[in-house]
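The values are calculated or read from the model by the stated rules, or taken from the named source; none is laboratory data. Remember, it's a predicted structure, so these values are computed and weren't measured experimentally. In this analysis, Cβ positions are derived from the backbone assuming ideal geometry, glycine residues included, and neighbour counts consider all displayed protein chains. Remember, those area values only see protein heavy atoms, side chains included, never the ligands or the DNA or RNA. Shrake-Rupley method; radii C 1.70, N 1.55, O 1.52, S 1.80 Å.
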Amino acid sequence: MNTKDIKIAVIGLGYVGLPLARLFSTKYKTVGFDINSHRVEMLMKGKDDTLEVSDELLLDALKNGFICTTDVEKIKDCNFYIITVPTPVDKNNRPDLSPLIKASETIGKVIKKGDIVVYESTVYPGATEDDCLPVVEKVSGLKFNVDFFAGYSPERINPGDKEHTVEKIKKITSGSTPEIGQKVDAIYRSVITAGTHLAPSIKVAEAAKVIENSQRDINIAFVNELAKIFNLMGIDTNAVLEAANSKWNFLPFKPGLVGGHCIGVDPFYLAHKAQEFGYHPEIILAGRRMNDSMGKYVATEVVKLMIKNSIRVKGAKALMLGITFKENCPDIRNTKAIDIYNELNEYEVGVDIYDPWANPEEVQREYGITSLTQEPNLKNYNALIVAVAHNEFQTMDLNSCKEHNCVIYDVKGVINKDISEARL
């Protein structure tokens, strides 16, 4: 496979797949494939609802030959396939590989002798070779590492981050044979300006990815526990962290809600595989339990504030600012802000949600909640929770909320301390 003969197909055009496909299209013939017809239609009009790729960049790519499609026939002449579909967990936090399996079936229908398929979705070590490639073999009738080959290059997309874009983040690569590893690495290295790191095996690359987010999860869980302890002591957690950060090797993590499709999910993949080998991971799962408890904790703290301020809880009105899983990003998948909403409902507090970044239709479809489409009158609420640190919320005039008996809880610690009664 010569570089000039490469034609790339990216399977899954979400937060990971689209930026990657757009980048590859600057150097190679590239086709983006997705089963969501509405998504494909919007992309072909030059509009990315995830806001990861600007309209200008997308339109330039389309003008230069990049296409998006739902038609499997249009990826049959490709020879380098990249799978970037979601890897969620089920209601019991067990890995759900069904999107990967379906994507592997799609590849099995089109892959030819000599072709390479690279997986980017976050999985536990062994998933690519043990769970996915046998599906490609079965559907295609071809033999892995004889007729076709594989690689793994874990995604490192940070949704909403316009500084660390895909080409500026060093990429791990790997291949099913040493020679294929070199080929996969060369193709990625040709577009990733930050460079690449060729791992010695697919399993090593899978493990490296899954521990990246597990490490962050555990560190955030530690400062979340600190926040609970210091709150009992009446100590400002952010002030403590600021003081501790004066030491050169202190890790500057902050407390908060840990959601999204990576940090809040990936540790369960590693834990699942560890348990298959008879090992029960204590620290990893303890971190998950701590971080999953924070939404309920915030809601309870809000209720305590209301009681202290002689606000009747039952029947009160609260406004939650933010429903996305992180700031300045429209992604609502696995957001932990919803835990605050649900817990306050348990106290029979009526909660309105306002988030200028979130699509109200998606919020309704995902959580059954009708969110506000215009900035509300803050005088109508007894409690206000800043759940997400969108730039818009940091510049809002919250004084009108303080003109009557209303409490403000700042989850992210971004509001002026003179205004908010408490922060995480």
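Relative to the Cα centre, what is the charge dipole magnitude of the chain, using +1 at the beta carbon of each Lys and Arg, -1 at the beta carbon of each Asp and Glu, and rounding to the nearest 20 debye?
In total the dipole reaches around 500 debye.
The C-alpha atoms of the chain define a longest principal axis, and helix 98-110 lies at about 20 degrees to it. Positive-end ranking of Leu305, Tyr367, Gly141 along the dipole of the chain, with charges on Cβ about the Cα centre, is headed by Gly141. Applying a DSSP loop filter and a limit of 13 other Cβ atoms within 10 Å to the chymotrypsin sites (Phe, Trp or Tyr not before Pro) in segment 1-106 leaves nothing. Take the alpha carbon atoms of segment 304-350, find their center, do the same for segment 238-286, and report the distance between the two centers in whole angstrom. For segment 304-350 versus segment 238-286, the Cα centre distance is 24 Å.
Remark: for residue pairs Lys91/Lys112; Lys4/Lys74; Lys228/Lys336; Lys4/Lys273, the C-alpha separation exceeds 28 Å in Lys91/Lys112; Lys4/Lys273.
Counting only residues at least eight positions apart within a chain, or on another chain, the aspartates and glutamates with an alpha carbon under 14 Å from that of Lys27 are Asp5, Asp60, Glu167. The trypsin sites (Lys or Arg not before Pro) found in segment 315-406 include none that occupy coil by DSSP while having at most 11 further C-beta atoms within 10 Å. Among Asp331, Asp397, Asp352, the residue with the largest mean-square fluctuation in a Gaussian network model of the chain, with springs joining Cα atoms closer than 10 Å, is Asp397.
Accessible surface of Thr196 in the full protein assembly, 1.4 angstrom probe, to the nearest 10 Å²? For Thr196, the solvent-accessible surface is approximately 30 Å². Excluding same-chain neighbours fewer than eight residues apart, the lysines reachable from Lys402 by a Cα-Cα span under 25 Å are Lys296, Lys304, Lys308, Lys314, Lys317, Lys379, Lys412, Lys417. The calculated 222 nm mean residue ellipticity attributable to helices in the chain amounts to -11500 deg cm²/dmol, summing -39500 (n - 2.57) over DSSP H runs of n ≥ 4 and dividing by all residues.
Take the chain with all the other protein chains still there, run a 1.4 Å probe, and you get 46 Å² of accessible area per residue. Relative contact order of the chain, taken over Cα pairs closer than 8 Å and 6 or more residues apart, is 11 percent.
So which trypsin sites (Lys or Arg not before Pro) in segment 174-252 end up in coil per DSSP with only 10 or fewer other C-beta atoms within 10 Å?
On the way: sites: Lys183, Arg189, Lys203, Lys209, Arg216, Lys228, Lys247; in loops: Lys247.
When the trypsin sites (Lys or Arg not before Pro) of segment 174-252 are filtered for loop state and at most 10 Cβ neighbours within 10 Å, Lys247 remain.
Solvent-accessible area of the chain (1.4 angstrom probe, protein heavy atoms only): carbon and sulfur portion equals 50 percent.
Counting only aspartates and glutamates at least 8 places from Lys63 when in the same chain, those with an alpha carbon closer than 16 Å to its own are Glu41, Asp48, Asp55. Our summary gives segment 1-150 a relative contact order of 22 percent, counting only alpha carbon pairs under 8 angstrom and 6 or more residues apart.
Looking only at GluC sites (Glu not before Pro) in DSSP loops with at most 11 other Cβ atoms within 10 Å, what is the longest site-free stretch of the chain? Display every interim value, and only then the final one.
Numbers: sites that count: Glu163, Glu348, Glu403.
The answer is 164-347.
The angle between the Cα long axis of helix 178-189 and the longest principal axis of the Cα atoms of the chain comes to about 60 degrees, rounded to the nearest 10.
Relative to the dominant Cα principal axis of the chain, helix 337-346 is inclined by about 40°.
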